[in-house]
Structure formats: C-alpha cells, structure tokens
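Chemist: Pasting a structure below so you can have a look.
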Amino acid sequence: MSDYLVRASALTGIRPTIEQLGGDASHLLQRLGLDGVEADPDTWISYSGFLLLLEQASLETGCPHFGLLLSEHQDVSILGALGFVIQQAPDIRTALRELITRFSFHNQGANVSLSVDKGVASWQFTCKLQGELPIRQQEDLVAGIGVDMLRLLWRPDWTPNAVYFAHGEPEDIKPYRERFRCPLHFDWDVPTVTFDAAILDTAIEQANPQLHRLLESYLDELQFAHADNLRGKVVYLIQQAMYTGDCSIERVASTLAINKRTLQRRLKAEGSSFKELLDEVRFDAARKYLRESNGSLTALADMLCYSDLSAFSNAFRQRFGVSPRCWRQQQSGHQAENLTLQAR
C-alpha cells in the first residue's frame, strides 16, 4: 500500500463528532496511533490511517453517514494556506483551479478535477487508495466540504445540480437530502458534484487580488515540502519530527504507516538511506544555526536529537573536518572579511 500523507487538520471536529454519537474518541484515536495529533493541524499523518479512522468511527458509533456529519465541523480553513489562497482568488474558476493544482499541499492521497460539458461543470474527487481501503466516509466528507465551500464562495443558499456517490444508496437517505438539497445518485463511478458552469466566472466578494498573488508566491516557495516521492516525504517528516525531540526511523515509518524495514528497503530502491537523509537534515540545520545564531552548542545538539553535545561534535567533525565551534568562528571570520571588502 502506498504511503500517502494528509495534514492533521483533516481530523478537525473528529472528537466532538464521535462523542456526539456516544463513542469514545480518545480510545479510538489512541488505538489507531492518532491520539493528540489533531493539536497540530499542520503536521502530517498517514492517509491510510485517516481512512481507517473514519471507517472505524462509523462502525463503532453505528452511524453509516459519519463522514457527512464530520463535514459539518469542517470548512475551507482545514486546507491551511491553500484555503486562504482559495478565498482570495478573483473568481470561482480560479479558486477551484488553485484547489486542483495544489491539493497535494493538504492531501497527497487524492486528486480533485473539474470538467465542463454543455454548460455543466463536473467537480470530481478520486482517492488513490480506492480498492485498497474503505473510502465511503471520505466520499461523504469531501462532498459535504465541497458543497459548503462553493456556498461560501458563491452564496449560502446555493445548491448543486446533483451529487453523485460511488457507494451504494444508504438505508436512511434523509441526512443526505437535508445536507445537499438536490438530486442524489449512488453507485456512480466517481464521486461528483455537478453545477451550472456559468458560476465559474463569478467574482468572489471580499477577495484581495494582491493578497492572492502573495499567497500564491508563498505556496510556490513551499512546493519542495510536498514532494510525492518517498525521499521528499522522509526529509520533510524528519524536519518536522525534530521539534518533538524524536526524529528516529521508527517515528517516521510510523507516520507513513509502514514498518522500519519497509521504509529502509524503499529508500534503498531510490538510492538513499534514512541515515543519509537524517544527516542531511541535521547538518543543514546545524550550519544555518551556527551561521545565524550565537546560541549554545548544547541547545543545538538537543534540537538536532543527538544524545549529547559530544555525539553532535564528533559527527560534525567527521563531516566537515572541524568542530562546530571552529566552523562557527571560521564563518564569522569570512563574514567580517566580506564586510571589510564591501567597505572599500
């Protein structure tokens, strides 16, 4: 199974929804290794783990439309910076284009697309893990969020032409009728929301074109952090894990929902290793710290998840031929020399 990731903001509202239905949210999240991660919406979690959580929440609460209920607790803000870009887009067409082209900033395990035929727009969601894991709750969740997003961008009383679900028709269709207020279809090939294409060129009120351009530039700069290849994901997860004090291979593998040996094997197939990537991240951070800060070396060693200062110093000396203290002094000397030359 592929190791896709999704931002922890996807868990927004999961606790109150489970508890509203009489379930034990803490126990379920803990059992699936997701307890506490929703506290940091920008962290990345396993997408397969997220799908399993939705399915288990539905089963344990006895609510077949759990994803639909969860969508009432979520809105465009779960997309983080991407959500801001969408809201500042000049029109709905541009907003949806931003969502489509940058969706991996939020979810690497799914795609969204938009097509127009004979005046009807079809907005579709495709899960890359379809056939491998149950995705019914994800379908309902995405449909609810998607329709609410268009109501936010267009107008609150807007309704789509129709909503199509890949899963079968539920025994109780009332929650779906109340949520979408439009014709519903089930057992469809791809989850789809259709609507009048004329609204695509409607201007978004309160949008700020200048802010939109700035936010676009910001996301372009962050593009490297959302690589679809395993190496890019591991580098990003190591950078993130350092803030927790545990950037071990076990932690990274757990986030990717694979075991340590599988991660090692896949990295080897890409011509890399976890140790190489860990060293790369550590030494990049170390050099930046030493150049730009006068902070203690002990604090640096701790930040980089070394057991002690001696372990960090030995590793640094082996890599660069000098101690961290000496390297910092050399950089200070170079900077002073450059300033003298500039003054001339």
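No value in this document is a laboratory result; all are computed from the given coordinates. Keep in mind the model is a prediction, meaning the values are calculated, not measured. Because the Cβ atoms are built from the backbone with ideal geometry, glycine has one as well, and the counts that use them run over all protein chains shown.
Chemist: For an R0 of 45 angstrom, estimate the FRET efficiency from the Cβ-Cβ distance between H167 and C326 and round to the nearest 0.05. Provide the component values of the computation, followed by the final result.
Modeler: On the way: r = 63 Å, r/R0 = 1.40.
That pair, H167 with C326, gives E of 0.10.
Chemist: Considering only R265, R251, R231, give the residue with the highest GNM mean-square fluctuation for the chain, with springs between Cα atoms whenever their separation is below 10 Å.
Modeler: With Cα springs under 10 Å in the chain, the top fluctuation among R265, R251, R231 is at R265.
Chemist: For a footprinting-style exposure proxy, rank F165, F50 by other Cβ within 10 Å, fewest first.
Modeler: Details: F165 20, F50 26.
Fewest-to-most ranking of F165, F50: F165, F50.
Chemist: Still on this structure: Between S293 and I100, take the C-beta separation as r, use R0 = 35 Å, and let me know the FRET efficiency to the nearest 0.05.
Modeler: Once rounded, the FRET efficiency stands at 0.30.
Chemist: Anyone know which of Q74, Q20, Q88 comes out most mobile in the 10 Å Cα GNM of the chain?
Modeler: Q20
Chemist: Please report the net charge: other residues with Cβ closer than 13 Å to the Cβ of L141, K and R +1, D and E -1.
Modeler: For residues surrounding L141, the net value is -4.
Chemist: Under 19 Å from the 7 Å Cα→Cβ point of R213, by amide nitrogen: which residues of the stretch 74-108?
Modeler: 84-92, 94-95, 98
Chemist: For the chain, what is the convex hull (Cα atoms) projected area averaged across all directions, in square nanometres?
Modeler: In nm², the orientation-averaged hull projection of the chain is 22.0.
Chemist: Follow-up. For n ≥ 4 DSSP H runs only, could you compute -39500 (n - 2.57) per run for the chain, divide by its residues and tell me the 222 nm figure to the nearest 500?
Modeler: When only DSSP H runs of four or more count, the value is -15500 deg cm²/dmol.
Chemist: Moving on to the next point. Need one number: % antiparallel among DSSP beta bridges in the chain, to the nearest 5. Walk me through the numbers before you get to the answer.
Modeler: Values: 21 of 24 bridges.
About 90 percent, rounded to the nearest 5.
Chemist: Something else now. Quick one: net charge around Q124, please, counting Lys, Arg +1 and Asp, Glu -1 for every other residue with C-beta under 12 Å from its C-beta. Show your work: numbers first, answer last.
Modeler: Working: positive: none; negative: E139, D189.
Around Q124, the charge tally is -2.
Chemist: Enumerate the residues in the stretch 31-70 having an amide nitrogen under 11 Å from the point lying 7 Å beyond the Cα of D24 toward its Cβ.
Modeler: Within reach of a label on D24, which here means backbone N under 11 Å from a point 7 Å along Cα→Cβ, the stretch 31-70 contributes 31.
Chemist: Of the options A95, I78, S272, report the single residue whose Cα projects farthest towards the positive end of the charge dipole of the chain (beta-carbon charges: Lys, Arg +1; Asp, Glu -1).
Modeler: My answer, from the dipole projection, is S272.
Chemist: How much length, in nm to one decimal, is gained on full extension between R15 and A39, taken as 0.36 nm per residue of separation minus their Cα-Cα distance?
Modeler: On the way: separation 24, 0.36 × 24 = 8.64 nm, distance 1.15 nm.
Gain on stretching R15 to A39: 7.5 nm.
Chemist: How far apart, in nm, are the 7 Å Cα→Cβ label points at S115 and R261?
Modeler: It works out to 4.4 nm between the two label points.
Chemist: Arrange S254, S273 by Cβ neighbour counts within 10 Å, fewest through most, would you?
Modeler: S273, S254
Chemist: Kyte-Doolittle mean at least 0.5 and Cα extent at least 20 Å along the axis: which DSSP H helices of the chain qualify?
Modeler: Long hydrophobic helices here: 47-61.
Chemist: By the scheme Lys and Arg +1, Asp and Glu -1, what is the net charge of all other residues having a beta-carbon under 12 Å from that of P209?
Modeler: Combined, the nearby Lys, Arg, Asp and Glu give -1.
Chemist: Give me, ordered by chain and number, the residues 5 or more places off A162 or on other chains with an amide H under 5 Å from its own placed amide H.
Modeler: T194
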